[in-house]
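Input: a single structure, listed below in C-alpha coordinates.
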Amino acid sequence: MAKEIEQEIAELLIRNHMTVTTAESCTGGLVAGRLINAAGISAAYRQGYITYANEAKHKLLGVKNKTLRKHGAVSRQTAKQMAKGAAAAAKADAAISVTGIAGPDGGTKEKPVGLVYIGCYVQGKVTVKECHFSGSRSEIRQATVESALPRYLIGAFAPTSYHKINKRCTNGGNSGECGRYIFLYRKHAMMREV
(Lines give C-alpha, C1' and ligand atoms only; values in the text may rest on other atoms or scores of the structure.)
Protein backbone atom coordinates (compact mmCIF):
# COMPACT_ATOMS: atom_id res chain seq x y z
CA MET A 1 0.00 0.00 0.00
CA ALA A 2 1.42 3.39 -1.05
CA LYS A 3 2.23 5.86 1.69
CA GLU A 4 0.45 9.17 1.90
CA ILE A 5 2.68 12.00 0.74
CA GLU A 6 2.71 13.63 4.17
CA GLN A 7 4.13 10.40 5.61
CA GLU A 8 6.83 10.35 2.94
CA ILE A 9 7.73 13.94 3.77
CA ALA A 10 7.85 13.21 7.51
CA GLU A 11 10.12 10.22 7.03
CA LEU A 12 12.44 12.09 4.68
CA LEU A 13 12.68 15.02 7.08
CA ILE A 14 13.45 12.76 10.02
CA ARG A 15 15.96 10.71 8.03
CA ASN A 16 17.74 13.90 6.97
CA HIS A 17 17.57 15.48 10.46
CA MET A 18 15.63 18.46 9.11
CA THR A 19 12.84 20.61 10.50
CA VAL A 20 10.02 22.23 8.55
CA THR A 21 7.49 24.99 9.08
CA THR A 22 4.52 26.37 7.14
CA ALA A 23 3.31 29.86 6.26
CA GLU A 24 -0.24 29.93 4.94
CA SER A 25 -2.71 32.52 3.77
CA CYS A 26 -5.57 31.20 1.60
CA THR A 27 -5.26 27.63 2.92
CA GLY A 28 -5.60 28.77 6.53
CA GLY A 29 -3.65 25.89 8.09
CA LEU A 30 -4.67 23.08 5.76
CA VAL A 31 -1.08 22.38 4.69
CA ALA A 32 0.01 22.16 8.32
CA GLY A 33 -2.97 19.94 9.05
CA ARG A 34 -1.98 17.49 6.34
CA LEU A 35 1.61 17.36 7.55
CA ILE A 36 0.45 16.73 11.10
CA ASN A 37 -1.48 13.68 9.87
CA ALA A 38 1.89 11.94 9.52
CA ALA A 39 3.09 9.70 12.30
CA GLY A 40 6.31 10.96 13.87
CA ILE A 41 6.05 14.47 12.41
CA SER A 42 6.62 16.02 15.84
CA ALA A 43 10.32 15.29 15.37
CA ALA A 44 10.39 17.68 12.39
CA TYR A 45 7.46 20.10 12.72
CA ARG A 46 7.43 22.52 15.66
CA GLN A 47 5.21 25.40 14.61
CA GLY A 48 3.49 27.09 11.70
CA TYR A 49 1.97 30.43 10.75
CA ILE A 50 -1.45 31.43 9.41
CA THR A 51 -0.95 34.95 8.08
CA TYR A 52 -4.17 35.89 6.35
CA ALA A 53 -3.83 39.67 6.70
CA ASN A 54 -1.00 41.70 5.22
CA GLU A 55 -0.19 43.00 8.70
CA ALA A 56 0.37 39.44 9.89
CA LYS A 57 2.59 38.63 6.90
CA HIS A 58 4.72 41.64 7.78
CA LYS A 59 4.72 41.23 11.56
CA LEU A 60 5.20 37.46 11.83
CA LEU A 61 7.11 36.61 8.65
CA GLY A 62 8.93 39.83 7.85
CA VAL A 63 7.34 40.32 4.44
CA LYS A 64 8.32 43.83 3.43
CA ASN A 65 5.58 46.45 3.28
CA LYS A 66 7.14 47.65 0.03
CA THR A 67 6.65 44.16 -1.45
CA LEU A 68 3.02 44.06 -0.36
CA ARG A 69 2.33 47.52 -1.78
CA LYS A 70 4.13 46.97 -5.08
CA HIS A 71 3.28 43.34 -5.86
CA GLY A 72 0.37 42.53 -3.55
CA ALA A 73 -0.21 39.72 -1.10
CA VAL A 74 -0.80 37.26 -3.94
CA SER A 75 2.52 37.38 -5.75
CA ARG A 76 5.64 35.32 -6.25
CA GLN A 77 7.63 37.95 -4.34
CA THR A 78 5.38 37.67 -1.30
CA ALA A 79 5.39 33.86 -1.41
CA LYS A 80 9.18 33.91 -1.48
CA GLN A 81 9.45 36.25 1.49
CA MET A 82 6.83 34.26 3.39
CA ALA A 83 8.83 31.05 2.97
CA LYS A 84 12.13 32.67 3.97
CA GLY A 85 10.53 34.52 6.86
CA ALA A 86 8.78 31.46 8.23
CA ALA A 87 11.99 29.44 8.17
CA ALA A 88 13.84 32.24 9.96
CA ALA A 89 11.12 32.79 12.57
CA ALA A 90 10.80 29.06 13.33
CA LYS A 91 14.54 28.41 12.99
CA ALA A 92 13.60 25.64 10.55
CA ASP A 93 15.61 24.08 7.75
CA ALA A 94 12.67 24.22 5.38
CA ALA A 95 9.36 25.98 4.85
CA ILE A 96 6.29 25.80 2.65
CA SER A 97 4.41 29.02 1.93
CA VAL A 98 1.04 29.53 0.25
CA THR A 99 -0.70 32.71 -0.86
CA GLY A 100 -3.57 32.93 -3.32
CA ILE A 101 -7.12 33.89 -4.22
CA ALA A 102 -9.58 31.16 -3.29
CA GLY A 103 -12.68 33.15 -4.28
CA PRO A 104 -15.46 33.40 -4.96
CA ASP A 105 -14.65 37.14 -4.83
CA GLY A 106 -11.38 39.03 -4.95
CA GLY A 107 -10.20 38.07 -8.41
CA THR A 108 -9.18 40.49 -11.15
CA LYS A 109 -8.18 40.11 -14.80
CA GLU A 110 -4.51 40.17 -13.80
CA LYS A 111 -5.01 38.00 -10.71
CA PRO A 112 -8.03 35.75 -11.21
CA VAL A 113 -9.70 33.52 -8.65
CA GLY A 114 -7.67 30.33 -8.43
CA LEU A 115 -4.28 32.02 -8.75
CA VAL A 116 -1.97 30.61 -6.07
CA TYR A 117 1.75 30.92 -5.40
CA ILE A 118 3.50 28.11 -3.54
CA GLY A 119 6.91 28.83 -2.04
CA CYS A 120 9.45 26.23 -1.00
CA TYR A 121 12.46 27.16 1.13
CA VAL A 122 15.13 24.54 1.77
CA GLN A 123 18.36 25.43 3.54
CA GLY A 124 18.79 28.83 1.93
CA LYS A 125 17.27 28.16 -1.48
CA VAL A 126 13.77 29.36 -2.38
CA THR A 127 11.67 28.34 -5.38
CA VAL A 128 8.16 29.57 -6.13
CA LYS A 129 5.52 27.97 -8.34
CA GLU A 130 2.60 29.77 -9.93
CA CYS A 131 -0.57 27.66 -10.03
CA HIS A 132 -4.04 28.17 -11.50
CA PHE A 133 -6.90 26.19 -9.99
CA SER A 134 -10.63 26.17 -10.64
CA GLY A 135 -13.71 25.20 -8.67
CA SER A 136 -15.33 26.35 -5.46
CA ARG A 137 -13.45 28.10 -2.67
CA SER A 138 -13.08 24.80 -0.84
CA GLU A 139 -11.92 22.99 -3.97
CA ILE A 140 -9.27 25.61 -4.73
CA ARG A 141 -7.96 25.43 -1.17
CA GLN A 142 -7.79 21.63 -1.30
CA ALA A 143 -6.12 21.67 -4.72
CA THR A 144 -3.51 24.04 -3.30
CA VAL A 145 -2.67 21.58 -0.52
CA GLU A 146 -2.48 18.71 -3.01
CA SER A 147 0.05 20.71 -5.05
CA ALA A 148 2.02 22.21 -2.15
CA LEU A 149 3.08 18.90 -0.62
CA PRO A 150 4.47 17.32 -3.83
CA ARG A 151 6.15 20.63 -4.65
CA TYR A 152 7.86 20.54 -1.29
CA LEU A 153 8.98 16.95 -1.76
CA ILE A 154 10.46 17.79 -5.16
CA GLY A 155 12.09 21.01 -3.96
CA ALA A 156 13.55 19.52 -0.82
CA PHE A 157 14.82 16.18 -1.97
CA ALA A 158 15.29 16.26 -5.72
CA PRO A 159 16.68 18.64 -8.33
CA THR A 160 14.14 20.88 -10.06
CA SER A 161 15.09 19.65 -13.51
CA TYR A 162 13.49 16.42 -14.72
CA HIS A 163 16.66 15.58 -16.63
CA LYS A 164 18.73 16.04 -13.49
CA ILE A 165 16.32 13.81 -11.58
CA ASN A 166 16.56 11.18 -14.30
CA LYS A 167 20.36 11.38 -14.35
CA ARG A 168 20.57 11.09 -10.59
CA CYS A 169 18.29 8.07 -10.63
CA THR A 170 20.16 6.24 -13.37
CA ASN A 171 23.44 6.77 -11.50
CA GLY A 172 22.65 4.82 -8.36
CA GLY A 173 19.86 6.80 -6.73
CA ASN A 174 17.29 5.01 -4.57
CA SER A 175 14.92 3.52 -7.14
CA GLY A 176 11.77 3.86 -5.04
CA GLU A 177 12.36 7.48 -4.11
CA CYS A 178 13.56 8.37 -7.61
CA GLY A 179 10.45 6.88 -9.18
CA ARG A 180 8.33 8.98 -6.84
CA TYR A 181 10.25 12.16 -7.68
CA ILE A 182 9.89 11.56 -11.42
CA PHE A 183 6.16 10.89 -11.07
CA LEU A 184 5.64 14.04 -9.02
CA TYR A 185 7.76 16.13 -11.37
CA ARG A 186 5.74 15.02 -14.37
CA LYS A 187 2.46 15.53 -12.53
CA HIS A 188 3.33 19.09 -11.54
CA ALA A 189 5.45 20.11 -14.54
CA MET A 190 2.71 22.47 -15.74
CA MET A 191 3.32 24.74 -12.74
CA ARG A 192 5.62 27.55 -13.89
CA GLU A 193 8.77 28.02 -11.84
CA VAL A 194 9.87 31.58 -11.20
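Each residue, LYS125 and ARG69, gets one label point 7 Å from its Cα in the Cβ direction; the gap between the two is 3.4 nm. For region 15-100, carbon and sulfur atoms together expose 52% of the accessible surface, with a 1.4 angstrom probe and every protein chain in place.
Solvent-accessible area per residue in region 13-74 equals 52 Å², computed with a 1.4 angstrom probe and all protein chains kept. The charge dipole of region 49-133, taken about its Cα centre with unit charges on the Cβ atoms of Lys, Arg (+1), Asp and Glu (-1) only, comes to about 360 debye.
The values are calculated or read from the model by the stated rules, or taken from the named source; none is laboratory data. Please read all numbers here as calculations on a predicted model, not as lab measurements. Virtual Cβ from ideal backbone geometry, glycine too; neighbours counted across all protein chains shown. In case anyone asks, the SASA skips ligands and DNA or RNA and just uses the protein heavy atoms, side chains included. Shrake-Rupley method; radii C 1.70, N 1.55, O 1.52, S 1.80 Å.
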